[in-house]
């Protein structure tokens, strides 16, 4: 029972993160803020989903595999986001700055 | 009578295929390519495979021809007739053909129906006889590598042709010309391979990906996996390696020739195993004759066919990637 509640909570919060990520992806003004939102989907969303599934399947081989996936995606997703953002900077993409808050064109 | 129709269609197919190769006029070759697809569809329907014939007619003669004509119209500098306005005759043909297709769709069995031809005759045969005939625990591998080995050979040929096409179009990458994307545009910042985060994470991941690729390759006989998936994983590890390594070192450690050789070598290995059948007194791609016991022969054949697929897929995907990054 307690496991089921924890599973539901993890998957529910994960879904919330994915929803936030998707809203951010559409609403944020530029590439860097958007990739930040997409990163939330990749790490927090997917991570909580996998955690929920692992709680659900208990002490089995499936859980071990899920934990492996969690471990690897925990490192690879942010690194991927980092690499994409980094190459955007190298291509000369300027970050968006809120108008009137100073900065180059503020 | 049937034999004559089949032979005649085959002959026409041969003529169409050879004339496409020797044609100088692109527009004419596209037209003949449509005829080729139509002949192919006719052969399929003579061979009592109406679903394949429909697919060939729609995709080969229909969409592929339209796409090629559109591409031709967009790239040709001195095109005669611009593609604007709706051709009323074309519209009528489109509507009639579409209505016919939808009408025929009503006769198709529902998805997952036990009465569908593939579920009732073929599937039963595979499920009941594969353990005795092939002996591999994974039924999917038994079907893919042995029963339908000919189809899989075709799939590998498609990958080979696609990769060869990319390499021919983009040119053989110049060994010295490999650059990390974007490097030449913003010399003020270091490329990603010098960044500690990317370096450390990738260096940890590459061996694990390769190990997992081997697992997927050899586990294919027992569970999900096999050469196609393992080949993609190896290609991913190589792509990651290229991001991390200076272009000169990549060119030295992973010469282009290695991958073109592996691409062709994989396909040749598959064909060679297929030819071993007739040589040892069996059919083409019949693995039972490869060892004294038929099941051992099946195991041996599937192992090498999967290895051939893995090599060709890894080489094909990585050399395609390399061709793009070299530009």
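Kindly provide the set of residues from segment A:63-86 that are within 10 Å of another protein chain (Cβ to nearest Cβ) and touching a residue at least 40 places away in the same chain (Cβ under 8 Å), ordered by number.
Answer for segment A:63-86, where residues must be within 10 Å of another protein chain (Cβ to nearest Cβ) and touching a residue at least 40 places away in the same chain (Cβ under 8 Å): just A:84.
Which count do you get for residues in segment A:29-54 that are surrounded by 15 or more Cβ atoms within 10 Å (Cβ to Cβ), more than 15 Å from the chain's Cα centre (by Cα) and within 27 Å of residue A:93 (Cα to Cα)?
Summing the residues that are surrounded by 15 or more Cβ atoms within 10 Å (Cβ to Cβ), more than 15 Å from the chain's Cα centre (by Cα) and within 27 Å of residue A:93 (Cα to Cα) in segment A:29-54 gives 1.
Does segment B:21-41 contain at least one residue that is in a helix (DSSP H, G or I) and loosely packed, with under 12 Cβ neighbours inside 10 Å?
Yes, because at least one residue in segment B:21-41 is in a helix (DSSP H, G or I) and loosely packed, with under 12 Cβ neighbours inside 10 Å.
Just wondering, is there one or more residues in segment A:55-62 that are within 14 Å of chain B (Cβ to nearest Cβ), over 22 Å from residue B:243 (Cα atoms) and surrounded by 13 or more Cβ atoms within 10 Å (Cβ to Cβ)? Even if it seems obvious, please write down each step before you answer.
The initial filter retains those residues of segment A:55-62 that are within 14 Å of chain B (Cβ to nearest Cβ), namely A:61-62.
This time we only want the ones that are over 22 Å from residue B:243 (Cα atoms), so: A:61-62.
Then keep just the ones that are surrounded by 13 or more Cβ atoms within 10 Å (Cβ to Cβ); that gives A:62.
Looking for residues that are within 14 Å of chain B (Cβ to nearest Cβ), over 22 Å from residue B:243 (Cα atoms) and surrounded by 13 or more Cβ atoms within 10 Å (Cβ to Cβ), one finds at least one in segment A:55-62, hence yes.
All of the numbers you see were taken from the coordinates with simple rules; none came from a lab. This structure is a prediction, so every number in the text was calculated from the model and none was measured. Reconstructed Cβ throughout: ideal geometry from the backbone, glycine too, with neighbour counts over all protein chains shown.
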